[in-house]
Amino acid sequence: MNDLDPQWPLPWVRAALGTGVLACLAEEDLHGYAIAEQLEQRGLGRPKGGSLYPLLSSLEAAGSVDASWVQGERGPGRRTYRLTDAGRARLSEERTAWRRLVAALDPTMDTSPAEKGER
């Protein structure tokens with residue numbers, strides 16, 4: 001497996017990709033390429049633009065993210081994405097749902113957010 005490949009089976013990554021994007025944006029505003037890099041660093045592999053940008057558009061249409069055009073200092077501008085309050089609420093709900101799923105799959109595992117240092 002190379003660095004661009006996910007650490008988990010592709011169907012799992014596809015299911016978690018939206019939550020992963022929201023989690024990346026919870027830390028800072030990012031442009032699409034930086035989101036792809038963050039997802040790769042988190043073990044989700046590097047999504048191609050053909051899957052990432054439609055997902056970002058759907059998150060924007062749902063009100064979970066806002067996009068704005070930021071002019072580049074030495075090059076072309078980029079769309080930068082920011083998590084909205086609705087996006088933060090959605091991320092919190094999705095993280096809770098993932099913890100419940102993990103608990104259902106392994107009842108011996110502690111999935112409480114306090115021990116994970118979650119924001």
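For the chain, with a Gaussian network of springs between Cα atoms less than 10 Å apart, report the residue from Glu27, Glu40, Glu60 with the top mean-square fluctuation.
Maximum among the listed residues: Glu27.
Could you work out how far helix 10-27 tilts from the main Cα principal axis of the chain, as a 0 to 90 degree angle to the nearest 10?
For helix 10-27, the angle is close to 70 degrees.
Mind checking the angle between helix 32-41 and the chain's longest principal axis? C-alpha axes, 0 to 90 degrees, to the nearest 10.
Once rounded, the angle reads 30 degrees.
Tell me the GluC sites (Glu not before Pro) within segment 71-112 that lie in a loop according to DSSP and have at most 11 other beta-carbon atoms within 10 Å.
Passing sites in segment 71-112 are Glu73.
Report the trypsin sites (Lys or Arg not before Pro) located in segment 10-100 that are in a DSSP loop and have at most 10 other Cβ atoms inside 10 Å of their Cβ, or state none.
Within segment 10-100, the qualifying trypsin sites (Lys or Arg not before Pro) (loop, at most 10 other Cβ atoms within 10 Å) are Lys48, Arg74.
Can you tell which of Leu55, Leu22, Leu101 shows the greatest fluctuation in a Gaussian network model of the chain with Cα springs below 10 Å?
Leu101
So how tilted is helix 85-105 from the main axis of the chain? Cα-based, degrees 0 to 90, rounded to 10.
Orientation of helix 85-105: about 30 degrees from the principal axis.
Let me check I've understood the local charge: for Ser68, count other residues with C-beta under 13 angstrom from its C-beta, Lys and Arg +1, Asp and Glu -1. What total comes out?
With Lys, Arg at +1 and Asp, Glu at -1, the neighbours total 0.
Which of the listed residues, Leu55, Trp8, Leu44, is farthest toward the dipole's positive end in the chain, when Lys, Arg count +1 and Asp, Glu count -1 at the beta-carbon?
With unit charges placed on the Cβ atoms, the residue in question is Leu55.
From the backbone phi of segment 51-56, what are the Karplus-calculated ³J(HN,Hα) couplings (6.51 cos²θ - 1.76 cosθ + 1.60, θ = phi - 60°) in whole Hz, Gly and Pro given as x?
These are the phi-based 3J(HN,Hα) values: 10, 6, 5, x, 5, 4 Hz.
State the percent of C-alpha pairs, over all pairs in the chain, separated by a distance greater than 17 angstrom.
Counting pairs separated by more than 17 Å, the tail of P(r) holds 60 percent.
Bin by bin, in steps of 5 Å, what percent of the Cα pairs in segment 42-98 do you find, going until the bin that has the longest distance?
Reading the bins upward from 0: 4, 16, 18, 23, 22, 11, 3, 2, 0.
Hey, what number do you get for the chain at 222 nm if only DSSP H runs of n ≥ 4 count, each worth -39500 (n - 2.57), divided across all residues, to the nearest 500?
One gets -17000 deg cm²/dmol as the mean residue ellipticity at 222 nm.
Just so you know, all these numbers are worked out from the coordinates, no wet-lab data involved. Values in this document were obtained by computation on a predicted structure and should not be read as measured data. Cβ atoms come from the backbone with ideal geometry, glycine included; neighbour counts cover every protein chain shown.
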